[in-house]
Structure formats: C-alpha cells, structure tokens
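Working notes for the structure below.
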Amino acid sequence: MTNDAQALKSDLQAVVRGAVHAPGDPTWDDARKAWNLSVDQHPLAVVEVADADDVVAAVRCAGRVDLPVVPQSTGHAATDDGVTGAILLRMHALDSVEVDTERRIARVGGGTMWKAVLDRLDDTGLLGLGGTAPMISVVGYTLGGGLSWFGRRYGLASAAVRSVDLVTADGDQVTVTEESDPELFWALRGYGGEFGVVTSMEFDLFPSPGVVGARLMFPAGDTRAVLDAFSKLTAAAPPELSVAATILHLPDAPFIPEDRRGRSFVAINAAHLGTLDECRTLLSGIVAAGDAIENDIRTYPMSEVGGIAEDPVDPSPAADLTTLLRDFDSGTVERLLDVAGPDSGTRLLGVNIRHLGGALAEAGSGNGGVAGAIDEPYLVFSFAVPGLSGSMDEIVDTHNGLHAALGDTATGGAPYNFLGRGGPERAYDSAALDRLRTLKRRRDPQGRFRMTRPLPN
C-alpha cells in the first residue's frame with residue numbers, strides 16, 4: 001500500500017463507521033469488483049457506507065482532499081475507467097424497504113435491490129416498475145430511466161419517482177421533489193449520479209391485475225418463423241403485454257445443460273398484466289410458429305417476476321451493445337438472421353429484441369425527467385462474454401457489424417441503462433446534454449460527483 005493510499009484510507013476511516021478498503025489490503029480486489037466481471041475497476045479507495053451519515057462524511061472528506069466520488073451498489077453499468085482516481089462508495093448497507101399500500105408508494109434505501117421490493121409486494125395487488133433482473137439496484141436502475149416488464153403499460157420507472165433524498169457536493173442532505181427543485185428533479189431522473197449521492201427514494205406503485213409470465217424456447221430451425229410471429233404480434237399488442245425474442249448461441253461449456261451445449265435456439269419471454277387465458281391467446285401465434293421445446297406460461301407472484309427473463313443473479317463477465325429500432329419488419333428479420341442467425345457463425349452469445357412502445361413513448365420529457373420517452377418501438381441488445389466469445393476488440397467489431405447490417409432501421413441510440421460501452425450522446429440529444437452541463441456547473445462546480453459515464457465536456 002502506498003503512503004498516499006494509507007493516508008486516504010486513514011482520513012476516511014476516521015469519519016465513517018463502515019469499512020474502508022485501499023490498494024494493498026487483502027480485501028481490495030473483492031471490494032473494488034464490479035458486477036460485470038469483464039470490467040476492471042481501479043478507484044483510489046472503497047467505502048462501504050453504513051448509513052446516510054457515512055455518505056455525508058465521505059463526501060465532505062472527498063471535498064477536503066479534492067477527489068471525485070462515485071456511488072455504486074452493484075456495478076452492472078460499470079466501465080473500466082469509470083471510477084479511476086475516485087472514491088467508490090458501496091451503498092449496499094442502505095437496503096431499507098417501506099411499502100405504503102394505501103398511498104401506493106414505496107420508499108427504499110440507496111442500496112436496495114429490486115428483489116427486496118418485489119418480495120414486499122406479494123399479495124398487495126401492487127407492482128413496481130422493476131427491470132427484468134431482480135438483483136439490481138432500485139436507485140441506479142430507476143435514475144437511469146428504468147425499462148420494466150410493465151413499462152408499456154405504466155411508462156419508464158424514472159417517471160414514477162416522487163422524491164429523492166440526496167447528499168450534495170457540499171455534504172448537505174436535501175430532499176428533492178418536482179415542487180422543491182424542478183430542474184434538479186428533472187436531471188436526477190436520467191442522470192442522477194452526476195448531482196449527488198442518493199440515500200433514499202420514494203416512487204409510485206401501480207395496480208396489478210395479476211402477472212402472467214411466459215418462457216418459450218424453440219430449436220434453431222424455427223428461428224425465422226418465430227421472429228416473424230413475434231413481429232406480427234408486437235405490431236398490434238396491447239400495452240398490458242411486453243414481449244422479448246432472443247436468438248441464443250449457447251457455448252459448449254460445462255455450465256450449460258448438456259443437451260443444449262454448442263447449439264442455437266430462439267427464445268420468447270413475456271409478461272402480461274391480466275389473466276392466464278388472455279396471455280395464452282395473445283401468444284398463440286408464436287406458440288404455433290414452431291415446435292417448442294419449452295412452453296411455460298403461468299401466473300407469477302411479484303416475488304418471482306424477476307425470474308421471467310432468467311437474467312443472471314450472480315456477477316458475471318459481459319460485453320454488450322444496444323440500438324433502438326424504428327421497425328421490426330420482415331426485412332429487418334432477414335438482415336438480423338444474416339449476421340446473427342443460427343447459420344451466421346457469429347461470435348455473439350445472443351441477440352435480444354425487445355418490444356417497447358405504449359406508455360414508454362408517451363411520457364414527455366417534462367414528466368419523466370431527462371430520461372423522457374422512447375420514441376422507437378423496438379430495442380436490440382446483443383451480448384457476448386470476453387474470452388469465451390473472442391477478444392474484447394473482436395466482440396466490439398461484431399456488435400458494430402450487427403448494427404451496421406441493420407441499416408437505417410437502427411437509430412444508433414439507446415436508453416441510458418443500455419449504453420454498454422457507449423457514451424451518453426447515444427441516450428440524450430445535444431439540448432438535453434447542454435441543459436445537464438449547465439446544471440452541473442451550478443450545482444457541482446468542482447466535479448465532486450461522477451457517474452461511470454460522466455457528462456461529456
């Protein structure tokens with residue numbers, strides 16, 4: 001451990017109750033590790049904050065030594081240089097959950113996972129706008145926009161935020177609402193980490209008539225027919241139904257079930273707010289499009305909704321890239337199959353096509369914060385694993401080749417939470433970024449706070 005690292009650790013440990021880790025400590029590699037194991041983070045120190053007072057103390061200490069602060073609960077959105085030269089605040093101890101069923105509001109701590117919220121919503125008749133992955137931070141996900149299974153019905157999660165408790169660059173604790181500070185409230189809902197450390201947040205819950213989830217899988221030979229059926233369904237689907245299709249190329253690896261190793265498939269995952277019969281009817285065209293080797297359509301309690309997409313629940317390496325699509329017609333299907341289909345020889349492990357639209361396209365920027373609305377009706381998310389799928393450079397080239405092959409149908413834009421290794425220019429237009437920069441100069445002129453994808457100059 002260097003003298004500078006020792007001094008910083010000593011300064012921080014003198015003012016916080018939580019553990020502090022520095023380079024050279026036996027705990028260092030675990031403390032700095034991100035959820036995305038392909039990212040190698042190198043902060044100057046890691047503070048496991050015990051409570052909001054620890055956040056205040058750490059921010060004030062950072063101010064005295066003129067260092068930036070980056071809050072992080074899990075590191076799903078981590079980047080290699082996102083925390084370099086900064087003090088990393090681990091927020092997982094701030095994991096409280098309060099649910100007010102009469103007011104239909106939840107209040108969570110700054111490090112709470114969505115799984116904890118979903119568990120509390122069982123048998124309440126209410127739902128929260130959590131994402132497809134249960135083990136992700138409520139605050140990080142929501143203040144990045146938040147794309148939910150239920151977004152087509154209720155909009156982006158960021159639009160559901162009622163209030164944010166924030167530690168500012170001066171180390172003050174404030175509560176931010178639409179009424180108290182409309183400009184900051186706008187910025188927080190889409191670019192929250194640049195303006196302070198969130199210690200707690202309140203957001204709306206919504207009525208749930210019941211959730212039906214679907215997990216379907218078909219052999220590679222059915223890919224074209226299933227994608228055509230997906231295209232037909234999503235062109236007229238009600239907002240209560242959200243559907244995603246995924247072309248899968250499973251590796252020949254021990255962690256894959258033996259009968260699926262080294263094979264390609266096409267999968268459908270869906271969530272429906274309604275009855276089991278309604279969902280089966282809506283998905284009947286897709287079911288009839290092929291010879292399903294998995295056909296699981298059933299009701300889900302809120303505590304199990306995170307299992308519909310079968311997203312990883314443990315840290316894992318990943319390299320992904322996303323683009324929004326203007327359409328998903330037969331020509332788009334053809335181009336996608338050429339570069340990522342079962343016979344393409346692609347390096348990608350999968351390509352996920354998610355249907356958007358509905359309320360996601362209706363929330364104006366004044367309502368949902370800078371995250372605003374998503375005009376495009378589809379999103380394509382391609383993913384791979386460095387090492388298993390090739391080098392990072394090879395994977396990036398493959399991602400870019402996919403986007404190029406999609407042509408003008410692909411906008412090149414992406415929701416903030418889906419930027420992967422891309423910059424914020426892909427999520428927000430120049431007017432929004434200028435407005436954010438102006439506010440940043442006023443509220444954090446020293447640049448005390450930094451997201452893993454900081455505002456471009």
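Overview of values
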{"read-out": "Likely footprinting exposure, Asp123, Asp329, Asp314, Asp165, fewest C-beta neighbours within 10 Å first", "value": "Asp314, Asp123, Asp329, Asp165"}
{"read-out": "Stokes-Einstein D in µm²/s, Kirkwood radius over Cα pairs - the range 302-457 at 37 °C with 0.692 mPa s viscosity", "value": "188"}
{"read-out": "Bins of 10 Å, starting at 0 and running to the largest distance - Cα pair percent for the range 343-427", "value": "15, 44, 28, 11, 1"}
{"read-out": "Cα-based equivalent ellipsoid of the range 153-251: semi-axis lengths in Å, sorted from largest, via gyration tensor", "value": "41, 17, 12"}
{"read-out": "Centre separation in Å (Cα based) which lies between the range 405-457 and the range 127-177", "value": "17"}
{"read-out": "The range 230-283: chymotrypsin sites (Phe, Trp or Tyr not before Pro) in DSSP loop, at most 14 other beta carbons within 10 Å", "value": "Phe255"}
{"read-out": "Amide N of the range 313-347 lying under 13 Å from the label point, which is placed 7 angstrom from the Cα of Lys232 along Cα→Cβ", "value": "330"}
{"read-out": "Phi to ³J(HN,Hα) by Karplus 6.51 cos²θ - 1.76 cosθ + 1.60 over the range 83-99, Hz, x for Gly, Pro", "value": "10, 4, x, 10, 8, 8, 9, 8, 9, 5, 6, 8, 10, 6, 9, 10, 10"}
{"read-out": "FRET efficiency for Ala288 and Asp397, using Cβ-Cβ distance with R0 set to 56 Å, rounded to 0.05", "value": "0.90"}
{"read-out": "Globularity index of the range 273-357, i.e. its alpha-carbon radius of gyration over 2.2 N^0.38 Å", "value": "1.34"}
{"read-out": "Linear extension gain, Ala220 paired with Asp122, 0.36 nm per residue minus alpha-carbon span", "value": "31.6 nm"}
{"read-out": "Förster radius 30 Å - calculated FRET efficiency between Glu362 and Thr411 (Cβ-Cβ, nearest 0.05)", "value": "0.95"}
{"read-out": "Along principal axes, Cα extents of the range 74-143, largest first, whole Å", "value": "45, 21, 16"}
{"read-out": "Interatomic Cα distance distribution for the range 319-361, bins of 10 angstrom, percent", "value": "23, 51, 23, 3"}
{"read-out": "Residue among Gly262, Thr299, Leu241 farthest towards the positive dipole end of the range 207-330, charges placed on Cβ", "value": "Leu241"}
{"read-out": "Sparse-neighbourhood loop sites, trypsin sites (Lys or Arg not before Pro) in the range 29-99 - DSSP loop, at most 16 other Cβ within 10 angstrom", "value": "Lys33"}
{"read-out": "Two-decimal Rg/Rh across the chain, once Rg and the Kirkwood Rh are taken from alpha-carbon atoms", "value": "0.97"}
{"read-out": "With Cα atoms, 0 to 90° folded angle of helix 330-340 axis to the chain main axis", "value": "70"}
{"read-out": "Calculated FRET value between Arg17 and Thr438, using beta carbons and R₀ = 35 Å, to 0.05", "value": "0.45"}
{"read-out": "5 angstrom amide H check on Ile293, placed H, neighbours 5+ away", "value": "Met217, Phe218"}
{"read-out": "Whole-angstrom Cα spans of the range 3-90 along principal axes, big to small", "value": "33, 28, 22"}
{"read-out": "Normalised alpha carbon radius of gyration of the range 211-421 [divisor 2.2 N^0.38 Å]", "value": "1.00"}
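Taken together, the values in this text are just the output of simple stated rules run on the coordinates, not laboratory data. Everything numeric here is computed off the predicted structure, so don't read it as measured data. Cβ sites come from the backbone with ideal geometry, for glycine too, and all protein chains shown count toward neighbours.
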